[in-house]
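In what follows, a single structure is set out as C-alpha cells and then discussed.
Each value in this text was obtained by applying a stated rule to the coordinates, not by laboratory testing. Since the model is a prediction, treat every value here as computed from it, not as a measurement. A quick note on method: Cβ atoms are made from the backbone with ideal geometry, for glycine too, and the neighbour counts reach across all protein chains shown.
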C-alpha cells in the first residue's frame, strides 16, 4: 500500500489530503472538506494532468509575444514536450483571445489558444 500527502487545489480551502493507494481500484482519500477534494486526490495519484501556459512569438504585432494556454488539462508527463513544441513558433497578427494557435497539441486532442488580443502594427 502506498500513501501520499497532497494539498488540494480544487477550491480555496487548500485541504491537506492523505491518499492511501491500496490498488488501482481501491483508493481512499481523507482530509478533504468536499467531494472535489476526493476527486482531486484520486486523479492526482492515478492520472495527473495540468493546464499549460506559455507564450508564442508574434509577427508584425503591437506586442512581441502572445500569451497562450491549453484549452484543457493535458497529461503531466507531456508538459515539457508541449513547451518544446511551442518554442520557436510564431503567429501572424491580428490575434484574438480564443484563436487556436496549435490544434491537437502532441495528439492530446487539446488545442493551444491565445489568451490576449494582439493587433497588427
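With an 8 Å cut-off on Cα pairs and a minimum separation of 6 or more residues, tell me the relative contact order of the chain in percent. Intermediate results must be reported in sequence, preceding the final value.
Values: 243 pairs, mean separation 23.6, N = 121.
Rounded, it is 19 percent for the chain.
Testing the spin-label approximation: label points 7 Å from Cα along Cα→Cβ at residue 24 and residue 4. State their distance in nm.
1.6
Give the order of 18, 64, 38 when sorted by the count of other beta carbons within 10 angstrom, beginning with the fewest. Don't skip to the answer; put the middle values down first.
Working: 18 14, 64 10, 38 21.
So the residues, fewest neighbours to most, are 64, 18, 38.
Can you show me the helix-derived [θ] at 222 nm for the chain, built from DSSP H runs with n ≥ 4 at -39,500 (n - 2.57) apiece and divided by the number of residues, rounded to the nearest 500. Intermediate results must be reported in sequence, preceding the final value.
Numbers: 2 runs with 20 residues, N = 121.
Calculated at 222 nm, the ellipticity per residue is -5000 deg cm²/dmol.
Using a 10 Å cut-off around each Cβ, can you sort 11, 82 from fewest to most neighbouring Cβ atoms? Display every interim value, and only then the final one.
Details: 11 13, 82 20.
Ascending number of Cβ neighbours within 10 Å: 11, 82.
Can you give the extra length, in nm with one decimal, that the chain gains between residue 103 and residue 16 once fully stretched, where that is 0.36 nm per residue apart less the Cα-Cα distance?
Details: separation 87, 0.36 × 87 = 31.32 nm, distance 3.66 nm.
Using 0.36 nm per residue and subtracting the Cα-Cα distance, I get 27.7 nm.
Taking Rh as the Kirkwood radius computed over C-alpha pairs, what is the Stokes-Einstein D of the chain at 4 °C in a medium of viscosity 1.567 mPa s, expressed in µm² per second?
On the way: Rh = 16.3 Å.
Using the Kirkwood radius from Cα pairs, D works out to 79 µm²/s.
Across the Cα atoms of the range 53-114, what radius of gyration and what greatest pairwise Cα-Cα distance (Dmax) are found, in Å?
Radius of gyration, then largest Cα-Cα span, for the range 53-114: 11.2, 34 Å.
Students often get this wrong: which residues of the range 89-121 have the backbone nitrogen under 11 Å from the point 7 angstrom along Cα-to-C-beta of residue 59?
In the range 89-121, the label zone of residue 59 (backbone N under 11 Å from the point 7 Å along Cα→Cβ) covers 90-93.
Angle between the Cα long axis of helix 35-46 and the longest principal axis of the chain, 0 to 90 degrees, nearest 10?
Taking Cα atoms only, the helix is inclined about 80 degrees.
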